[in-house]
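One structure is given below, encoded as C-alpha cells.
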Amino acid sequence: MTLKEKLFPFLRWFPLQRQTLRADFIAGATVAMVLIPQSMAYAQLAGLPAYYGLYAAFLPVLIAAMWGSSNQLASGPVAMVSLLTGSALSQFAAPGSEQFIVLAIMLALMVGVIELGMGLFRLGAIVSFLSHPVIVGFTNAAAIIIALSQFNKLFGVHSARSERFLADIWDVVLRLGDTHWPTLAMGLLAMAVILLLRRYRPAWPGVLVAVALTTLLSWATGFERNTSAEAVQFNDTQVRNVIDSMTALNARAIELRRAIAEKGEEIERVTEAEGLSHPRLIMLNADIEFLRLELRAIDAERRVRFAEARRLRFTGVEDDSGRPSFRLVGTLPQGTPTDGRRWLIAKIDNGRVQLTGGGEVVGTVPAGIPAPDLPEIKWDTLLKLLPTALVIALVGFMEAISIAKSMATRTKQRIDPNQELVGQGLANIVGGFFQSFPVSGSFSRSAVNLSAGAVTGVSSVIAALIVLVTLLLFTPLLYHLPQAALAAIIMLAVVNLVNFKAIKHAWQAHRHDGIAAVVTFIATLAFAPHLDNGILIGALLAVGLYLYRTMRPRVAVLGRHPDGTLRDARIFNLPTSERVIIIRFDGSLFFANVPYFEDAILEQAARHPQARYILVVGDAINELDASGEEMISHLVMRLRESGLTIVFSGLKRQVLSVMESTGLYDRIGAQHFFRHEELALQYISQSLQDPGFDAALQPQRAAAPEK
C-alpha cells in the first residue's frame with residue numbers, strides 16, 4: 001500500500017468502472033432505504049429526537065467508508081451503541097433535553113478521539129480485553145433491554161425513566177390497562193409488514209414499506225391530536241398545583257443557568273485581569289458548584305413532577321361559559337358529555353400545558369444539515385463521561401471489526417483493524433461537529449450492502465447522499481411517522497441478537513467462559529440502565545478467571561503408557577516409580593503461579609521419600625520471569641540438600657536464555673538439561689545403577705529387526 005493510500009484509503013476504489021459503479025449505486029440505494037428509518041429509530045433509543053438519527057446517518061457513514069478498510073461495512077447508528085449512549089447520559093440529563101443533546105454530541109467526539117488514537121498508535125489488539133463470552137452475555141442482555149425499553153411506545157403507555165430499569169418495565173406492565181389501542185395497532189401493523197415482506201418478498205425494503213404505510217395511515221386518520229390549555233382550565237386543584245410547581249421549577253432552572261453563565265463570564269474577566277491566583281476565583285468557583293448542585297436537584301425534581309403529570313388522564317368537557325376544560329378521567333358525573341378523548345400532558349412551559357389526545361409521532365424534522373458547531377467542553381463532564389466513552393469505543397469497534405471480518409471471509413478482502421479504528425474514529429469526530437451521536441458498524445445494513453452487490457465503499461457514499469437529499473427535500477413527509485412504528489423497527493432489529501445458544505456453547509467450551517457470560521448477562525440486566533457497569537464487571541471477571549487459571553495451571557505426574565509414551569498417571573491409571581518423579585507443568589512460570597509450582601514439587605517429594613530424581617518435563621513452559629528463576633534456584637538447592645536432584649527436559653530457548661543470563665543454568669549443571677524426556681530418563685537410569693529401578697520407566701529401545 002502506497003503512502004497516499006494509507007493517508008486516503010478511499011483511493012483504492014479508483015479507477016471506477018461502470019459495472020462496479022452501477023452495482024455500488026444499487027447497493028447504496030438499497031441500504032439507504034433501511035438506513036433512514038433505522039437511524040431515526042436508533043436516535044429515539046439513544047434518548048434523542050428522531051431527526052438526529054438522520055444527522056448520524058450522513059457524514060459519519062461517508063467518513064467511515066472513506067477512511068475504513070472494509071469495502072462493504074455499513075456504518076451509522078446502531079442499536080447497541082445507541083442504547084449505551086441513552087442509558088449512560090440519562091443519569092446526567094433528561095432524555096431529549098438540550099443538555100442531553102449536548103452531552104450526546106460531546107460523547108461522540110470523545111469516542112471518536114479514543115478510537116482515532118487507538119488506530120494511530122496501532123492498539124487494535126486492545127479489544128481482546130473484551131472476551132467473546134463477555135460480549136455474548138452483554139449482547140443478549142442488551143438486546144432484551146432494548147426490546148423491553150420500547151414496550152411503552154408500542155403500547156402508548158407513558159413510563160418515566162429511573163435508576164431501576166426492571167422496575168420501570170414492571171410499571172409499564174401495570175399500566176397496560178391504559179393502552180392506546182390505535183398506537184398498538186400501528187406498531188403491530190409495522191411488525192406484520194416487515195415480517196411478511198421478509199418472508200415472502202425478501203428483496204423488498206420491508207422497513208421502508210412499513211414506515212411509508214404507517215406514516216400515510218397516520219396522516220389520513222389524524223393519528224396525532226394535540227391541543228394546549230392554561231392551568232385554570234383544569235378543575236382539579238391537585239393538577240393545578242402540579243402545573244404551578246412545574247412552571248416554578250422551570251423558571252428556577254432558567255435562573256440558575258443564567259447565574260452559572262454570568263459567574264463563568266466573571267471568572268474569565270477576573271482571570272484575564274488578575275491571573276489564575278486571584279482569591280476572588282475561589283469564591284466564584286464555589287458559587288458555581290453550589291448553583292450546579294441546586295440545578296441538578298431542580299432537574300431531578302422536574303423529572304419526578306413531570307412523571308406524575310404524565311400519568312394523569314383527562315377528558316375534555318365544556319364549562320358553563322362554553323370554554324373547554326379538562327377533568328380527570330373517572331371524576332365526571334355519569335352522562336356528562338365529553339369530547340370522547342383521553343388527553344395526556346405532553347409538556348408544561350410558562351404556565352401553558354401541551355396536551356396530546358392521540359398517538360405520538362416524530363413531529364417536525366428540521367430541513368437541511370446542521371451547521372458545524374463544537375459543544376462547550378467542561379473538564380468535570382469529560383471525566384464523568386470518560387468510562388462510558390471507553391466502553392462505547394471498545395464495544396462499537398468490536399462490533400464493527402467482527403462484522404468486517406465476517407464479510408471479508410466471503411469477499412477475500414484483507415481487513416486492517418487499526419485502519420478501521422481510524423475510520424470509525426474520524427466518523428465519530430466529524431459527526432460530533434455536525435450534531436451526531438456515537439455510531440459504529442451495523443450488522444443488518446452491512447448484510448444488506450453485501451447481498452445487494454456492493455463492491456467498494458462507494459455504496460456507502462451513495463447511501464449517505466440519499467440521506468442528504470432526504471434532509472434537504474423530504475423531511476416534511478416524516479412528520480406523521482408514528483413512534484410505535486419506530487419501536488417496532490427497533491424490536492425486530494434486535495431480536496436476532498438474542499442467542500442463548502452462544503452462552504451454552506461458551507459454557508461447554510470452558511466452565512470459566514460460561515461463568516463470565518452468565519455473570520455479564522445477569523449484571524447487565526441488574527445494573528440497567530447503567531449498562532457500562534455490566535460489561536465492565538464481565539470484563540474484569542473474565543480477566544480474573546484467566547489469572548486464576550494461570551495461577552493454578554495443570555500439573556501432571558507422568559507414568560509409562562503401554563504405547564511407550566509418558567502420560568498423566570492419574571487419568572490413565574499408570575504405575576509410577578518410587579525412585580523417580582516425573583512432573584509435567586502446563587503453563588508459564590511467572591510470579592502469579594510460582595508458589596503453586598513449588599508446592600506441587602514439594603508435595604510429590606514428600607509423597608515419595610525414596611525418590612532420588614525429579615524430572616520436570618518443560619515442553620509447555622513458554623516463559624520464565626525473575627520470580628520463577630529465583631524459586632527454581634532455591635528449590636534446586638533445597639532439594640539437593642535432601643538428596644534429590646532436579647532434571648529438566650524439553651525447555652524452550654526463551655526459558656533457557658533466562659537461566660543462562662542469570663547463571664542458574666551453570667548452578668544447576670548442564671548435565672541436568674536434556675532436549676527430550678527419554679534422554680533424561682536414560683541419564684537417570686545410568687546414574688542410579690540400581691537393579692531395583694522401576695523397569696516401567698526405562699527408556700524405550702527400538703525392537704530388533706526381524707531376520
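Condition first: of a type in the set (Asp, Glu), within 18 Å of GLU376 (Cα to Cα) and exposed (fewer than 14 other Cβ atoms within 10 Å of the Cβ). Now tell me which residues in the stretch 263-295 satisfy that.
Across the stretch 263-295, the qualifying residues are GLU265, GLU268, GLU289.
Among all residue pairs at least 6 apart or on different chains, which show Cβ distances below 7 Å where the first residue, located in the stretch 620-636, is within 12 Å of VAL658 (Cα to Cα) and the second is among the small types (Gly, Ala, Ser) and surrounded by 15 or more Cβ atoms within 10 Å (Cβ to Cβ)?
ASN622/SER588; GLU623/SER588
Considering every residue within the stretch 298-320, establish whether at least one is open to solvent by less than 70 Å² (accessible area, probe 1.4 Å), of a type in the set (Lys, Arg) and in a loop (DSSP other than H, G, I, E, B).
For the stretch 298-320, residues open to solvent by less than 70 Å² (accessible area, probe 1.4 Å), of a type in the set (Lys, Arg) and in a loop (DSSP other than H, G, I, E, B): present.
Here's a check for you: in the stretch 609-636, which residue that is assigned to a loop (DSSP other than H, G, I, E, B) and polar (S, T, N, Q) is nearest to GLN686 (Cα to Cα)?
GLN610
Is it true that SER149 is farther than 29 Å from VAL365 by Cα and at pLDDT 85 or above?
Considered against the rule, which asks whether it is farther than 29 Å from VAL365 by Cα and at pLDDT 85 or above, SER149 comes out as no.
Here is a list of conditions, (1) under 31 Å from the mean Cα position of the chain (by Cα); (2) among the hydrophobic types (A, V, I, L, M, F, W, C); (3) open to solvent by 30 Å² or more (accessible area, probe 1.4 Å), and TRP219 meets all of them except one; can you say which number that is?
(1)
I'm trying to understand the selection: among the residues of the stretch 637-661, which are within 46 Å of the chain's Cα centre (by Cα) and either aromatic (Phe, Trp, Tyr) or assigned to a helix (DSSP H, G or I) (or both)?
Selection gives ARG653, GLN654, VAL655, LEU656, SER657, VAL658, MET659, SER661.
If a residue has to be β-branched (Val, Ile, Thr) and touching a Phe, Trp or Tyr at 6+ places or on another chain (Cβ under 7 Å) to count, how many in the stretch 601-627 make the cut?
2
Evaluate the stretch 442-452: report whether one residue or more is outside any helix (DSSP H, G or I), open to solvent by less than 30 Å² (accessible area, probe 1.4 Å) and under 17 Å from PRO77 (Cα atoms).
yes
Please specify each residue of the stretch 398-435 satisfying the condition of being polar (S, T, N, Q) and touching a Gly at 6+ places or on another chain (Cβ under 9 Å).
Once the filter is applied, which keeps residues that are polar (S, T, N, Q) and touching a Gly at 6+ places or on another chain (Cβ under 9 Å), the stretch 398-435 yields SER402, ASN418, GLN419, GLN424, ASN428.
Looking for whichever is more than 27 Å from LEU116 (Cβ to Cβ), in contact (Cβ under 8 Å) with a residue 60 or more places away in the chain and open to solvent by less than 30 Å² (accessible area, probe 1.4 Å) here; the options are PRO482, PRO438. Which one fits?
Answer to the check: PRO482.
Which members of the stretch 369-385 meet the condition of being outside any loop (DSSP other than H, G, I, E, B), open to solvent by less than 70 Å² (accessible area, probe 1.4 Å) and modelled with pLDDT of 85 or more?
LEU382, LEU385
Check PHE585, PHE597, PHE591 and return the single one that is within 46 Å of the chain's Cα centre (by Cα), of a type in the set (Phe, Trp, Tyr) and part of a loop (DSSP other than H, G, I, E, B).
Going through PHE585, PHE597, PHE591 in turn, just one is within 46 Å of the chain's Cα centre (by Cα), of a type in the set (Phe, Trp, Tyr) and part of a loop (DSSP other than H, G, I, E, B): PHE591.
Looking at the stretch 551-582, which of the residues that are among the polar types (S, T, N, Q) and over 16 Å from ASP619 (Cα atoms) is farthest from the chain's Cα centre (by Cα)?
Going through the qualifying residues, I end up with SER577.
Residue-by-condition table, conditions (1) under 22 Å from VAL391 (Cα atoms); (2) at pLDDT 90 or above; (3) not in a helix (DSSP H, G or I):
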| position | (1), (2), (3) |
| --- | --- |
| ASP513 | yes, yes, no |
| PRO529 | yes, no, yes |
| ILE535 | yes, no, no |
| ALA556 | no, yes, yes |
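Name every residue in the stretch 86-107 that is among the polar types (S, T, N, Q) and assigned to a helix (DSSP H, G or I), in order of residue number.
SER87, GLN99
Within the stretch 91-109, can one find any residue that is of a type outside the set (A, V, I, L, M, F, W, C) and surrounded by 24 or more Cβ atoms within 10 Å (Cβ to Cβ)?
Checked the stretch 91-109: no residue is of a type outside the set (A, V, I, L, M, F, W, C) and surrounded by 24 or more Cβ atoms within 10 Å (Cβ to Cβ).
Determine, yes or no, whether ALA79 is of a type in the set (Gly, Ala, Ser), surrounded by 24 or more Cβ atoms within 10 Å (Cβ to Cβ) and at pLDDT 90 or above.
Here the answer is no, as ALA79 does not meet what is asked.
Can you spot a residue in the stretch 327-349 that is within 30 Å of LEU256 (Cα to Cα), of a type outside the set (A, V, I, L, M) and over 36 Å from the mean Cα position of the chain (by Cα)?
yes
All but one of (1) in contact (Cβ under 8 Å) with a residue 24 or more places away in the chain; (2) in a helix (DSSP H, G or I) hold for ASN71, so report the exception by its number.
Evaluating ASN71 over (1) in contact (Cβ under 8 Å) with a residue 24 or more places away in the chain; (2) in a helix (DSSP H, G or I) leaves (2) as the failure.
Hey, VAL127 hits all of (1) among the hydrophobic types (A, V, I, L, M, F, W, C); (2) at pLDDT below 90; (3) open to solvent by 10 Å² or more (accessible area, probe 1.4 Å); (4) out of contact with any Phe, Trp or Tyr (no Cβ under 7 Å at 6 or more places or on another chain) but one; which does it fall short on?
(4)
Suppose we filter HIS505, HIS480 for residues that are more than 20 Å from LEU166 (Cβ to Cβ) and in a helix (DSSP H, G or I); which single one remains?
Going through HIS505, HIS480 in turn, just one is more than 20 Å from LEU166 (Cβ to Cβ) and in a helix (DSSP H, G or I): HIS505.
Could you grab me the full set of residues in the stretch 5-29 that are assigned to a helix (DSSP H, G or I), among the polar types (S, T, N, Q) and open to solvent by 50 Å² or more (accessible area, probe 1.4 Å)?
The answer is GLN19, and nothing else.
Can you tell me which of (1) touching a Lys or Arg at 6+ places or on another chain (Cβ under 8 Å); (2) crowded, with 18+ Cβ neighbours inside 10 Å; (3) of a type outside the set (A, V, I, L, M); (4) free of Cβ contacts under 8 Å to residues at least 40 places away in the same chain is the one HIS561 doesn't meet?
So the condition that HIS561 fails would be (2).
Just give me the residues in the stretch 39-68 being more than 27 Å from GLY124 (Cα to Cα), open to solvent by 10 Å² or more (accessible area, probe 1.4 Å) and assigned to a helix (DSSP H, G or I), in sequence order.
Passing the criteria: GLN44, TYR52, TYR55.
Taking the stretch 110-124 as the search range and keeping residues that are of a type in the set (A, V, I, L, M) and surrounded by fewer than 19 Cβ atoms within 10 Å (Cβ to Cβ), which one is modelled with the lowest pLDDT?
LEU123
Restricting the search to the stretch 317-338, which residues are at pLDDT 85 or above and not hydroxyl-bearing (Ser, Thr, Tyr)?
Those that are at pLDDT 85 or above and not hydroxyl-bearing (Ser, Thr, Tyr): VAL317, PHE326, ARG327, LEU328.
Looking at ASP373, ASP380 in this structure, which one is among the charged types (D, E, K, R) and either touching a residue at least 24 places away in the same chain (Cβ under 8 Å) or in contact with a Gly (Cβ under 8 Å, 6 or more places away or on another chain) (or both)?
ASP373
The values are calculated or read from the model by the stated rules, or taken from the named source; none is laboratory data. Not measured: the values here are computed from a predicted model. Neighbour counts are summed over all protein chains in view; Cβ atoms, including those assigned to glycine, are modelled from backbone coordinates with ideal geometry. All accessible areas refer to the heavy atoms of the entire protein, side chains included, with ligands and DNA or RNA removed. Shrake-Rupley method; radii C 1.70, N 1.55, O 1.52, S 1.80 Å.
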